[in-house]
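Visitor: Can you read through this structure? Questions will come right after.
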Number of protein chains: 2
Amino acid sequence: MTEPAENVDDLDFLSFVDFAVRKTTRVMPEVDPQAMRLVLELTRVASALVYDLESSVHRPQGWSWPGFRVLFMLWLSGPSDAKRVAKLSGMSRAAVSALVNTLERDGLVTRRRAEHDRRAVELALTEAGVDAITSTYAAHNRREQTWTGVLSKPEQTILIGLLEKLATAADELEIHTRD
Amino acid sequence: MTEPAENVDDLDFLSFVDFAVRKTTRVMPEVDPQAMRLVLELTRVASALVYDLESSVHRPQGWSWPGFRVLFMLWLSGPSDAKRVAKLSGMSRAAVSALVNTLERDGLVTRRRAEHDRRAVELALTEAGVDAITSTYAAHNRREQTWTGVLSKPEQTILIGLLEKLATAADELEIHTRD
DNA sequence: CACCTTTGATCAAACGTTTGAATAAAACTG
DNA sequence: CAGTTTTATTCAAACGTTTGATCAAAGGTG
């Protein structure tokens, strides 16, 4: 356990959560400290994780995190309409369109008018794209293992279960979804 | 439990995780499916959560998620050097500098040369900034409660504990940190 | 079949982030 | 105390994202 730093100067990215919860509940009694803490921890861990994966695995290869996600998705699903890529990768269609400009310029993805619907654009990996994603995903997963390795297997299973529960509920309850 | 959709066309943002894990482990046996699943779930839940909070609470007020984070931090800690704001909010100093341009223009934050060190910049909330953050944080936390409410209190406690464990370990093991 | 609405994509403008370079003040070092 | 190094910030360029507008193809209706 970390010390409950009362002094703002002793805080860091992590102990800030404790400080924030204590101070906020003191001033605003209607705040649910558990909800606050959960959201703070979740977003902070996720952003540290993404930052680490991006900077240790993807940027050295000249890729961004969103670029990796789109390449990975296309590798898994095969050639796909831009619309499906947006849905499965959780991006807006405009974001996919802009991102594919870069990926196409770098020779990793091709853009093609779809046959079944002349409005739609079909995206596919180039050979260079396939080579790139397969060689990089191994490194990506090794880094994932470094992170998850601090939890026991049963703990990992529990964590996955709780996150799935949040994800499923969000899907049902959520008003604000993309598009 | 969701159906194991084998057909790519039936997938959505959520069931994509199952599909991705099955397909990847089939092709790359060295991949740890548990690590893969955990990271996918964590990043997907976090990004859905942030997207929802931003679009339902903050954008309607004319704020961005990073802008909210900085304002909230300054509200909690009082006037602070830009450096500390960067450290506690998990942003780079350049990002803070750029973001404060907007917040200052909108009259929410003031910038001042620090007395103790004439290189440093001290940031503080304006009165409008204080009003804004206090009225908005209540709505923010209500939305947090909607999300976390799908878990029981004991489940919330377990989830927080596991996330803290990840965060702490990350802090020790992590090579790639900001700055 | 002409008309209207919906759908798929892109563009434009504003914003936030990143890395690396530049500027300036402070802290060391000999 | 002059010279070097470190520290705090900002700037510049490239990238990714968002919302809202535009354009083109498809679908639906009378």
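Read-outs: derived from the displayed coordinates by stated rules, not from any lab. In this text, all values refer to a predicted model and were calculated from it rather than measured experimentally. Backbone-built Cβ (ideal geometry, glycine too); neighbour counts: all protein chains shown.
Visitor: R0 = 41 Å: FRET efficiency of residue A:56 with residue B:135, Cβ-based, nearest 0.05? Write down the numbers at each step before the final one.
Guide: Values: r = 40 Å, r/R0 = 0.98.
Plugging the Cβ-Cβ distance into 1/(1 + (r/R0)^6) gives 0.55.
Visitor: Still on this structure, I have one more. Taking only C-alpha pairs under 8 Å that are 6+ residues apart, what is the relative contact order of the range A:62-161 in percent? All intermediate terms of the calculation are to be shown ahead of the outcome.
Guide: Values: 88 pairs, mean separation 25.3, N = 100.
Over the range A:62-161, the number comes to 25 percent.
Visitor: Just the number: Rg to Rh for the protein assembly as shown, Cα atoms, Kirkwood Rh, two decimals. Don't skip to the end; give the middle numbers.
Guide: Values: Rg = 21.2 Å, Rh = 21.8 Å.
With Rh from the inverse mean 1/r over Cα pairs, Rg/Rh is 0.97.
Visitor: For residue B:81, what residues show an amide H to amide H distance below 5 Å, using hydrogens built from the backbone and excluding near sequence neighbours?
Guide: Close amide H contacts, sequence-distant or interchain: B:123.
Visitor: On a 0 to 90 degree scale, rounded to 10, what angle separates helix A:65-77 from the longest Cα axis of chain A?
Guide: So the inclination is approximately 60 degrees.
Visitor: Need one word for the range B:1-98: rounded, prolate or oblate. Basis is the Cα gyration tensor (sqrt eigenvalues a ≥ b ≥ c); a/c below 1.5 gives rounded, then a/b vs b/c decides. Let's see the in-between values first.
Guide: Numbers: a/c = 3.96, a/b = 2.15, b/c = 1.84.
Note, shape of the range B:1-98 comes out prolate.
Visitor: Let me ask something additional. Using only atoms on other chains, find how many Cβ atoms lie within 10 Å of each Cβ of peptide B:149-158 and report the average.
Guide: Numbers: counts 4, 9, 7, 1, 1, 0, 6, 6, 3, 5.
Counting other chains' Cβ atoms within 10 Å and averaging over B:149-158 gives 4.
Visitor: Using the number of other C-beta atoms within 10 angstrom as an exposure proxy, rank B:37, A:59, B:26 with the fewest first.
Guide: Numbers: B:37 23, A:59 14, B:26 9.
Neighbour counts put them in this order, fewest first: B:26, A:59, B:37.
Visitor: Oh, and also: Can you give me the C-alpha center-to-center distance between the range B:132-147 and the range A:104-128, rounded to a whole angstrom?
Guide: 42 Å
Visitor: How far, in degrees from 0 to 90, does helix B:127-148 lean away from the longest principal axis of the Cα atoms of chain B, to the nearest 10?
Guide: 20 degrees
Visitor: Here's another thing I want to ask about it. Excluding same-chain residues fewer than 8 positions from residue B:83, which aspartates and glutamates have a Cα within less than 15 Å of its Cα?
Guide: By straight Cα distance, residue B:83 reaches A:9, A:10, A:12, B:115, B:117, B:122, B:179.
Visitor: Sticking with this structure for a sec: Nearest 500 deg cm²/dmol is fine: what mean residue ellipticity at 222 nm does chain B get from its DSSP H runs of n ≥ 4 alone, each adding -39,500 (n - 2.57), divided by its residue count? List each step's numbers first, then the result.
Guide: On the way: 7 runs with 110 residues, N = 179.
Estimated from H runs of four or more residues: -20500 deg cm²/dmol.
Visitor: Amide H neighbours of residue A:109 under 5 Å, at least 5 residues apart or on other chains, H built in the peptide plane: list them.
Guide: Amide H neighbours of residue A:109, under 5 Å, 5+ apart: A:104, A:126.
Visitor: Place a +1 charge on the Cβ of each Lys and Arg in the protein assembly as shown and a -1 charge on the Cβ of each Asp and Glu, then give the dipole magnitude about the Cα centre in debye, rounded to the nearest 20.
Guide: 860 debye
Visitor: Lysines near residue A:87 by alpha-carbon distance under 19 Å, same-chain residues fewer than 8 away left out - which ones?
Guide: Here the lysines satisfying the reach criterion relative to residue A:87 are B:23.
Visitor: Something else about it: Reachable aspartates and glutamates from residue B:153, Cα under 13 Å, same-chain residues fewer than 8 places away excluded?
Guide: Partners found: A:32.
Visitor: While we're on this one: Report, to the nearest 10°, how far helix A:16-27 tilts away from the longest principal axis of the Cα atoms in chain A, using its own Cα long axis and a range of 0 to 90°.
Guide: That works out to roughly 60 degrees.
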